[in-house]
Amino acid sequence: MTPSKIFLYFCLSFIGGIFLGSFFKVSQLMMLSFLVSGLVLISVLWKHKKIAVAGFCLLFLVLGIWRHNIAELRIKNNELGKYNNLNRSITLIGIVSTEPDIREKSQKLTIKLSQILADHNPPTPLPQAGPSNSSPPFFGKILVTANRYPEYQYGDKLKITGKLETPPIFEGGKEDKSSSSPFAITREFNYKDYLKKDGIYSVMNWPKIELIERNQGNFVYAKILEFKNKLRKSIYQNISPPQSSILGALILGDKKQLSEEIKQKLNVAGVRHITAVSGLHVAVLTSILMTLLIGLGFWRQQAFYFTIIFIIIFIIMTGLQPSAIRAGIMGGLFLLAQHLGRMNTSSRTIVFAAALMLAQNPLLLKLDAGFQLSFLAMMGIIYLLPIFQNFLKKIPNFLQLRSLLSMTLSAQVFTLPILIYNFGYLSLVSPITNVLIVPLLPYIMGLGFIFGIAGLIFQPLGWLLSLPCWLILTYSLKIIDFLSQPWAFKTLEVSWIWLVISYSILGLITWRLQENQKLKFLQY
């Protein structure tokens, strides 16, 4: 048993512990029994290496459960939660900690709190850890829905007065009569859990807001957002909707600018993922960019560094969203494995990255669909890409068609069960739509950056350079319109048992196919 394989087992055990803590109530007695069993196996049977490794795995399993329990305990001890749903106003002071989410008639502000003023009591400052106070109360963050104007920005220090509420759970599962779309279905959405993973446990709607001070955030991040806003204005000035909304979602992360009709069409056509940064997104883009740059005459090492720089710029331009950062890490590791020629160990690297992310925020495993999809997409590409490439070897690789189809199918096979479980859609045309649109993503994004930056320098030049990008986006929208008819999808309601059965069967089939591939290689 190699050290790298042992380390893989430790990571998997830690992730398994977080899984148990997320979905089951693990008692203190059970944790203690795991801990004692692990220590016994290590101390008594140390000479038997495999048994000793199993003992360490039990310890990492307990560590994962403990890490999740600590995160849950932190939420329960949140000082702000006791003010939720009291039907009386409370005054808070905090700083806008992320880029404001601007809507048509409102704006949503994520506020990191520093003070609470309740019932006209003196301000309660956020205590500092020290000898006299080693366990400060945890206020966390709140999500504020405010009027569209006046506009606020990242780093603004605000005084907010209003009623705190617990985020709701929106019931669904019925046809949405308010939509003209024939396939509009609403589903239950646990808004409370959705916000909880980001450290937000309270919301405040339409409060009284007083601006205290500006520029209290990170200077570098503030400048990045300032440039992003200028680039956004240039894009929307030179391309009209709906093309501009698609491009804004692709390169700026402006998914809120997409209309509900466009979102539904993207779902049905199976290409909603192109507007949200995921592991598949990054992997497809990096693979195509590597091929394109090498085709243009770059050395492989040069193409690798240019692609890594592109990923970093892309993640920054999307506002350094946590989902984008996680996708960038996983996609970057996949690209690194390709560059080093170590695809056989890339799955261990991805598992290690997932363990690190979960150590930082164990709530992601259960509550963050983006984390789940990025991880599964990368694992699908790692394990199934060679199999699909061999299966589709008769298809010409013109414009990377075979490689792209293999990568898309590999990722979609692994993500399909959880997509159906989370969103209730099964797109029947997804492979076709992806093959027709995904190869164009590097061109759309590259041209979008070029004309957007050119528009900042000289607006007429930006408009002129935007024409090729507009043509490609128009073509993509025509494909989406054509393949987003009611017959192109099925609505399914499945339980968690579906996930257990689906991934058990998928794991068995993948293992069997890989064994056959190894056997053929040995025979050859």
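Coordinate-derived values only; no laboratory data. Quick caveat, the model's predicted, so the values are computed rather than measured. Cβ atoms come from the backbone with ideal geometry, glycine included; neighbour counts cover every protein chain shown.
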Check: How big is the shadow of the Cα convex hull of the stretch 226-493, averaged over all directions, in nm²?
Finding: 14.5
Margin query: Please list, in order along the stretch 444-452, the HN-Hα scalar couplings obtained from phi with the Karplus expression 6.51 cos²θ - 1.76 cosθ + 1.60 (θ = phi - 60°), rounded to whole Hz, x for Gly and Pro.
Written below: 4, 5, x, 5, x, 4, 5, 6, x
Next item on the list: Restrict the search to the stretch 368-424; then list the trypsin sites (Lys or Arg not before Pro) that DSSP places in a loop and that have at most 14 other Cβ atoms within 10 Å of their Cβ.
Entry: Lys393, Lys394
Item checked: Leading residue at positive end of dipole, the stretch 226-493 (Cβ point charges), from Ile472, Thr307, Ile450 -> Thr307
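In what order do Ile274, Ile453 fall by count of nearby beta-carbon atoms within 10 Å, going from fewest to most?
Ile453, Ile274
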Next item on the list: Within the stretch 1-73, list the trypsin sites (Lys or Arg not before Pro) lying in a DSSP loop whose Cβ has at most 15 other Cβ atoms in a 10 Å radius.
Entry: Lys25, Lys47
Checklist line | Ranked packing of 36-44, 440-448, 370-378, most packed first, by mean Cβ within 10 Å | finding: 370-378, 440-448, 36-44
Next item on the list: Starting from the Cα of Arg214, move 7 Å in the Cα-to-Cβ direction to define the label point; list residues of the stretch 140-155 whose amide nitrogen is under 20 Å from there.
Entry: 146-155
Next item on the list: Might you report the magnitude of the Cβ-based charge dipole of the stretch 3-76 about its Cα centre, with Lys and Arg at +1 and Asp and Glu at -1, to the nearest 20 debye?
Entry: 120
Next item on the list: Using a/c under 1.5 as the rounded threshold, could you call the stretch 3-76 rounded, prolate or oblate? The axes a ≥ b ≥ c are square roots of the C-alpha gyration tensor eigenvalues, and prolate needs a/b larger than b/c, oblate otherwise.
Entry: oblate
Check: What's the exposure ranking of Phe391, Phe310, going from fewest to most Cβ atoms within 10 Å?
Finding: Phe391, Phe310
Checklist line | Positive-end residue, the stretch 226-493 charge dipole about Cα centroid, Cβ charges, pick of Leu483, Leu367, Ile316 | finding: Ile316
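Fewest Cβ neighbours within 10 Å first, please rank Leu513, Leu456, Leu384 accordingly.
Leu456, Leu513, Leu384
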Checklist line | Net charge of Cβ neighbours under 15 Å - reference Ser234; Lys, Arg +1; Asp, Glu -1 | finding: +2
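Taking the Cα centre of the stretch 226-493 as origin, work out the dipole magnitude from +1 charges on Lys and Arg Cβ and -1 charges on Asp and Glu Cβ, in debye rounded to 20.
Using only the charged Cβ atoms, the result is roughly 300 debye.
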